[in-house]
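*Asks:* Have a look at this one.
The values are calculated or read from the model by the stated rules, or taken from the named source; none is laboratory data. For clarity, every value in this text was computed on a predicted model and none was experimentally measured. So basically every Cβ, Gly included, is an ideal-geometry build from the backbone, and we count neighbours across all protein chains shown.
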Protein chains: 2
Amino acid sequence: MFNTGNEVEETKAERTRRRVYDAAMTLFREQGFDQTTMRDISQAAGMALGTAYYHFPSKEAIIAAYYEAIQYQHHAYVVDHLPGIKSPQERLRMIFRSKIELLQGDRKLIGVIFRYTGDPLHPLSLLGEGTRDLQQQTVETIGLALRGERFSREVAELLPMALWSLHMGTLLYLLYDTSEQQTRTYALIDQSLALTTQLLGVVRQPLLSPVVLPILRQVSGLLDAAQINLTLPKT
Amino acid sequence: MFNTGNEVEETKAERTRRRVYDAAMTLFREQGFDQTTMRDISQAAGMALGTAYYHFPSKEAIIAAYYEAIQYQHHAYVVDHLPGIKSPQERLRMIFRSKIELLQGDRKLIGVIFRYTGDPLHPLSLLGEGTRDLQQQTVETIGLALRGERFSREVAELLPMALWSLHMGTLLYLLYDTSEQQTRTYALIDQSLALTTQLLGVVRQPLLSPVVLPILRQVSGLLDAAQINLTLPKT
DNA sequence: GTCTATACGTGGATAGAC
DNA sequence: GTCTATCCACGTATAGAC
């Protein structure tokens, strides 16, 4: 709680750790993740190879720290900018777009997230245990857009994961988007959210509920049976 | 066309190539892809390291050959078993399930496909140029289920990619499915296809077209703008 | 063109001395 | 906490046998 003075000692290690991190991020952005070696990083940070490994057990650990930082920054940005916006669609738009803005300069880096998805046991697997917290936080950040909105039970159950999936989809798209300033990614977000709003409108129509409700329930049942919850398939 | 006798010489190299491939696959299945080294493979195949590299430029090239083989086998199986089945849903069921059956023993291997998805330029990226042919063939194999069926223009445009996505989703799910005999994956397929059929039924209802058509068109417009076609985002 | 033997460079990760 | 030295695996020669 208090500053007990041992902060100085802590800071010593933390400062070195940050030197590693900063050097790594600079090189990652310049050359890409794979092209950057731990030797490059330690050299750029002006230390021995072993020192860098002392602070980060692996190159992947540096990327993991980056993802946490991004999520933290994004959440802070969202919390900061949310009050000015009323409509849920506009809120979602702000949330989705700001995430892209945050990542736009790091397109060479974000591909690395997807690399471990096929390996359920890997700590960085997007769908695995290791990233559960980060995933949960992302869902929560997105969920801020819907605060105060009222949905039927069925929709409330499905919407967070649907939006999370959409969010991951936009990140994947960003990777492949070679358009200037990634304008296509922003356009995709806008159109996807317009579609989402349209679908939510349909779902809310009482007249259509004989058609809509069975479908929603079937989706829910499917996800339940597959044990896909917010955190996705269990391992 | 004819067997001109030079088949023997071809066979010599091809047989060695197959020895490499077989040894590699055995080891991949036993130990996993990453745990198997090219030295293991060449040793198991009873040859020098250089020989293995002579036939496959990298370990990944062996996996690439595996994916081609799987797609070929699956297509052959589907063509063989399709005539006995009438309903599109049952056809799709057969197609999706047989793919899982084909891969079931190789769960340690299929994760490798997803590894390069975050790297647009990598030849094995699922969404990249390098796998376009394979992807196209998969779409075609799945499309065999719909032969002779009539859909509206809007649906015909969207369905192949939707089914391809569903197919990739089931593969990803298979990876994470620790249930006995992967029963959950099979259940997921059945339920997803039931849902698909249900949705197609709704879409076909003329009474609902004022609601459904705008949505479909919006989806189409979105995919067009994003330049997502059958082969997915351009690089 | 196919295969062997062997050695080399690089990069991730670790062990152990200080 | 930091450094030096070392390990291990991938991939790449290369020189030569057939």
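*Asks:* Filter the helices (runs of 4 or more DSSP H) completely within the stretch A:119-235 down to those with at least 1 residues that are without any contact (Cβ under 8 Å) to a residue 40 or more places away in the chain, of a type outside the set (Phe, Trp, Tyr) and within 11 Å of another protein chain (Cβ to nearest Cβ).
*Replies:* A:153-176, A:183-204, A:209-225
*Asks:* Further question: Which of the residues spanning the stretch A:76-98 are crowded, with 17+ Cβ neighbours inside 10 Å, farther than 19 Å from residue A:192 by Cα and in contact (Cβ under 8 Å) with a residue 40 or more places away in the chain?
*Replies:* Within the stretch A:76-98, A:78 is the sole residue that qualifies.
*Asks:* What pairs can you find where one residue is in the stretch A:49-62 and in contact (Cβ under 8 Å) with a residue 12 or more places away in the chain, the other is β-branched (Val, Ile, Thr) and within 7 Å of DNA strand D (Cβ to nearest atom), and their Cβ atoms are less than 8 Å apart, with a gap of 6+ or different chains?
*Replies:* Cβ pairs passing all conditions: A:51/A:16; A:55/A:16.
*Asks:* Residue by residue through the stretch A:56-66, note down the ones that are surrounded by fewer than 19 Cβ atoms within 10 Å (Cβ to Cβ) and either within 12 Å of DNA strand D (Cβ to nearest atom) or assigned to a loop (DSSP other than H, G, I, E, B) (or both).
*Replies:* A:57, A:58
*Asks:* Something else about it: Do we have residue B:36 as in a helix (DSSP H, G or I), near DNA strand D (Cβ under 10 Å from one of its atoms), touching a helix residue (DSSP H, G or I) at 6+ places or on another chain (Cβ under 7 Å) and among the hydroxyl-bearing types (Ser, Thr, Tyr) here? Please lay out each step first, then the result.
*Replies:* Numbers: in a helix (DSSP H, G or I): no; near DNA strand D (Cβ under 10 Å from one of its atoms): yes; touching a helix residue (DSSP H, G or I) at 6+ places or on another chain (Cβ under 7 Å): yes; among the hydroxyl-bearing types (Ser, Thr, Tyr): yes.
So residue B:36 fails the test.
*Asks:* Taking the criterion of being modelled with pLDDT of 95 or more and either within 14 Å of DNA strand D (Cβ to nearest atom) or assigned to a helix (DSSP H, G or I) (or both), would at least one residue in the stretch B:103-114 satisfy it? Talk me through it step by step, then tell me what you get.
*Replies:* Looking only at the stretch B:103-114, we keep the residues that are modelled with pLDDT of 95 or more, and these are B:103.
Next cut, either within 14 Å of DNA strand D (Cβ to nearest atom) or assigned to a helix (DSSP H, G or I) (or both) only: B:103.
Yes, because at least one residue in the stretch B:103-114 is modelled with pLDDT of 95 or more and either within 14 Å of DNA strand D (Cβ to nearest atom) or assigned to a helix (DSSP H, G or I) (or both).
*Asks:* Might you check whether a residue that is surrounded by fewer than 15 Cβ atoms within 10 Å (Cβ to Cβ), among the aliphatic types (A, V, I, L, M) and either in contact (Cβ under 8 Å) with a residue 24 or more places away in the chain or more than 16 Å from DNA strand C (Cβ to nearest atom) (or both) occurs anywhere in the stretch B:23-45?
*Replies:* Within the stretch B:23-45, not a single residue is surrounded by fewer than 15 Cβ atoms within 10 Å (Cβ to Cβ), among the aliphatic types (A, V, I, L, M) and either in contact (Cβ under 8 Å) with a residue 24 or more places away in the chain or more than 16 Å from DNA strand C (Cβ to nearest atom) (or both).
*Asks:* Got a sec? Which of A:131, A:183 is at negative phi and surrounded by fewer than 16 Cβ atoms within 10 Å (Cβ to Cβ)? I'd like the intermediate steps shown before the answer.
*Replies:* Working: A:131 fails: surrounded by fewer than 16 Cβ atoms within 10 Å (Cβ to Cβ).
Being at negative phi and surrounded by fewer than 16 Cβ atoms within 10 Å (Cβ to Cβ) holds for just one of A:131, A:183, which is A:183.
*Asks:* Answer yes or no: is there a residue in the stretch B:16-33 that is within 16 Å of DNA strand D (Cβ to nearest atom), touching an Asp or Glu at 6+ places or on another chain (Cβ under 7 Å) and not in a loop (DSSP other than H, G, I, E, B).
*Replies:* Within the stretch B:16-33, one or more residues are within 16 Å of DNA strand D (Cβ to nearest atom), touching an Asp or Glu at 6+ places or on another chain (Cβ under 7 Å) and not in a loop (DSSP other than H, G, I, E, B).
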